[in-house]
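Following: one structure in C-alpha cells, then a few remarks.
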Amino acid sequence: MNTAFLVGFLLLVAWAQEQDSIIDRSNKTNSEDDIVTVHIISHSHDDVGWLLTPEGYYNEKVKEILTRVVASLKLDPARRFTQTEIYYFSKWWDEQGETVKKDVRKLVKAG
C-alpha cells in the first residue's frame, strides 16, 4: 500500500474520531445521524520535472497510470479519479486513439 495514502487515511480517521468526541451525544441514541460518510477519491500528483525530467516522469510513470486508470474506471464507472497536472494529461491524450478518447469523454460526462 502507498505510504502517503496510508498516512492520509490514518489522519482522516484520527480527525473523524476527534470530531466524534466533540459532539455532545448525551441525549442521542444510535441512529443514522451518527453515520459518517467518507469519500475517497483516487488522484495522481506528479510534479512536472521534480526528480525526473517531464519526459522521464511521463514515460516511466504517468503514461501507465493514466492508461490503467481509464481501464479501471471503465470496469467500475462509480469510481472517481483526478489528475492534477494537465501537462501530463494533455500529452497522454494526444497519444490516444479515438476509441480511448471516446471512452474518456463518456467517463467524464458520467461524472
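Take region 59-78 and flag every residue that is surrounded by 14 or more Cβ atoms within 10 Å (Cβ to Cβ) and touching a helix residue (DSSP H, G or I) at 6+ places or on another chain (Cβ under 7 Å). Break it down into steps so the answer makes sense when it comes.
We begin by selecting, within region 59-78, every residue surrounded by 14 or more Cβ atoms within 10 Å (Cβ to Cβ); these are 61-63, 65-67, 69-70, 73-74.
Answer for region 59-78, where residues must be surrounded by 14 or more Cβ atoms within 10 Å (Cβ to Cβ) and touching a helix residue (DSSP H, G or I) at 6+ places or on another chain (Cβ under 7 Å): V62, K63, L66, V70, L73, K74.
Mind checking which residues of region 81-111 are surrounded by 15 or more Cβ atoms within 10 Å (Cβ to Cβ) and of a type in the set (D, E, K, R)?
Hits for region 81-111 are E85, K91, D103.
Name every residue in region 38-58 that is surrounded by 13 or more Cβ atoms within 10 Å (Cβ to Cβ) and either among the basic types (K, R) or in a helix (DSSP H, G or I) (or both), in order of residue number.
Residues satisfying the conditions are P54, Y57, Y58.
Tally the residues that are more than 12 Å from Y58 (Cα to Cα) and either in contact with a helix residue (DSSP H, G or I) (Cβ under 8 Å, 6 or more places away or on another chain) or modelled with pLDDT of 95 or more (or both), restricting the search to region 81-92.
The qualifying residues number 2.
Which residue pairs have Cβ atoms under 6 Å apart, sit 6 or more places apart or on different chains, and have a first residue in region 49-71 that is within 12 Å of W92 (Cβ to Cβ) and a second that is among the basic types (K, R) and part of a helix (DSSP H, G or I)?
Pairs found: Y58/K91.
Being at pLDDT 75 or above and out of contact with any Asp or Glu (no Cβ under 7 Å at 6 or more places or on another chain) is the requirement here; does I22 meet it?
no
Residues V100, V70: which one is assigned to a helix (DSSP H, G or I), β-branched (V, I, T), modelled with pLDDT of 80 or more and under 14 Å from the mean Cα position of the chain (by Cα)? Break it down into steps so the answer makes sense when it comes.
Details: V100 fails: under 14 Å from the mean Cα position of the chain (by Cα).
Just a single option satisfies the conditions, and that option is V70.
The values are calculated or read from the model by the stated rules, or taken from the named source; none is laboratory data. Everything numeric here is computed off the predicted structure, so don't read it as measured data. Please note: Cβ atoms are built from the backbone with ideal geometry, for glycine as well, and neighbour counts cover all protein chains shown.
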